[in-house]
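Just so it is clear, none of the values below were taken in a lab; they were calculated from the coordinates. All of these numbers come straight from a predicted model, not from anything done at the bench. With ideal geometry, Cβ positions are generated from the backbone for all residues, glycine too; neighbour counts draw on all protein chains shown.
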Amino acid sequence: MGKIILLTTLFTLLLCPISYGQSNSHEHLDTLVINYVKDLQSQNIDTICIYKDYCIGCVNPINEDVNRCAYSSIFVPTHIIWLKQGKTFLSKKDNCFDYSTIEIDSTALWKIFFQNEQRIKKEKVKSFEYIVYENKKKKVYGISIDHSEHRDFEMIVNDNVVVMKFDDFDLKKQSNGEYNINYRHNKRLKGKIIVDELETLTKEVEDKHLLKKYSR
């Protein structure tokens, strides 16, 4: 496939605190989400979706008066959505706060997933790659960047787990004049439809301020 070109990397920086306070807020958040899911499962809830929308390489501003939030590492808003007796419920956690639970309309989400479940299980998101001809030979190069939006979902149905991770950079058609040969593949993924539906659902909830925030 050829060599990989890494434009820049800030992994060392990402390991340093973005803000102040708890030193492992990302890891702590993961533990809280896992425990929350386990609690749902203990209530015989067998269809659960975890959706994360975050940015690697971004700096999150702090509103000192309203949303003072002590965290370190990457800030990861995490929505938990589940199906119970034909109704869908949503809650949220992030590095700093817990949130209330609300009922939402998500008919499209479950329909898309269950109609395409087997296909989604096999799908893979391909990284941004482009073709260069050197000495009449075709070579494939890859590009990655140090700052990009990420959208991940984990669908848990009984004992089956489907995970897909989307770096929005890999969904770009072009970058710096180079054409992404995996653009069409990534855009056609059924998992891409799922992650877009999740973005629409959560954006509506956030825009309407439907969730109440609780200090942890």
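Between Asp98 and Val161, with labels modelled 7 Å along Cα→Cβ, what's the label distance in nm to one decimal, could you check?
Distance between the two pseudo-spin positions: 2.3 nm.
Under the rule of at least 5 residues apart or a separate chain, name every residue whose amide H is placed under 5 Å from the amide H of Lys92.
Sorted by chain and number, the residues that satisfy this are Ile80, Tyr99.
Give me the distance in nm between label points sitting 7 Å out from Cα along the Cα-to-Cβ direction at Thr200 and Arg188, one decimal.
Between Thr200 and Arg188, the label points sit 2.2 nm apart.
List, in order, the whole-Hz ³J(HN,Hα) value for each residue of the range 147-153 obtained from phi through the Karplus relation with A = 6.51, B = -1.76, C = 1.60 and θ = phi - 60°; use x for Gly and Pro.
Karplus values, whole Hz, x for Gly and Pro: 9, 7, 6, 10, 9, 10, 9.
Quick one: which residues, 5+ away or cross-chain, put their amide H under 5 Å from the amide H of Ser144? H built at 1.01 Å from N.
Leu7
Which ordering of Ser42, Ser106 is given by a fewest-first count of other beta-carbon atoms within 10 Å?
Neighbour counts put them in this order, fewest first: Ser42, Ser106.
In which sequence would Thr88, Thr31, Thr200 go, from the one with the fewest C-beta neighbours within 10 Å to the one with the most?
Placing the least packed residue first, the sequence is Thr31, Thr200, Thr88.
Could you give me the ³J(HN,Hα) list for the range 136-145, computed from phi with Karplus coefficients 6.51, -1.76, 1.60 and θ = phi - 60°, whole Hz, x at Gly and Pro?
With the stated coefficients, the range 136-145 comes to 6, 10, 7, 10, 10, 10, x, 10, 9, 10 Hz.
From the Cα gyration tensor of the range 40-172, with a ≥ b ≥ c the square roots of its eigenvalues, which class applies: rounded if a/c is under 1.5, or else prolate if a/b is larger than b/c, or else oblate?
Oblate.
Give me Lys136, Lys173, Lys84 sorted ascending by neighbouring Cβ count inside 10 Å, so fewest comes first.
Going from sparsest to densest Cβ surroundings: Lys136, Lys173, Lys84.
Separation between the Lys126 and Asp168 pseudo-spin-labels, each 7 Å from Cα along Cα→Cβ, expressed in nm?
Result: 2.3 nm between the two label points.
Could you run the Karplus curve 6.51 cos²θ - 1.76 cosθ + 1.60 with θ = phi - 60° over the range 119-127 and give me ³J(HN,Hα) per residue in whole Hz, x for Gly and Pro?
5, 4, 4, 9, 6, 9, 7, 9, 6
Quick check: from the Cα gyration tensor, does the range 131-189 come out rounded (a/c under 1.5), prolate or oblate?
Here the range 131-189 falls in the prolate category.
Filter Lys172/Lys208; Lys165/Lys203; Lys122/Lys208; Lys187/Lys213; Lys87/Lys208; Lys121/Lys187 down to the pairs with a C-alpha to C-alpha distance above 27 Å, please.
With Cα atoms farther than 27 Å apart: Lys172/Lys208; Lys122/Lys208; Lys187/Lys213.
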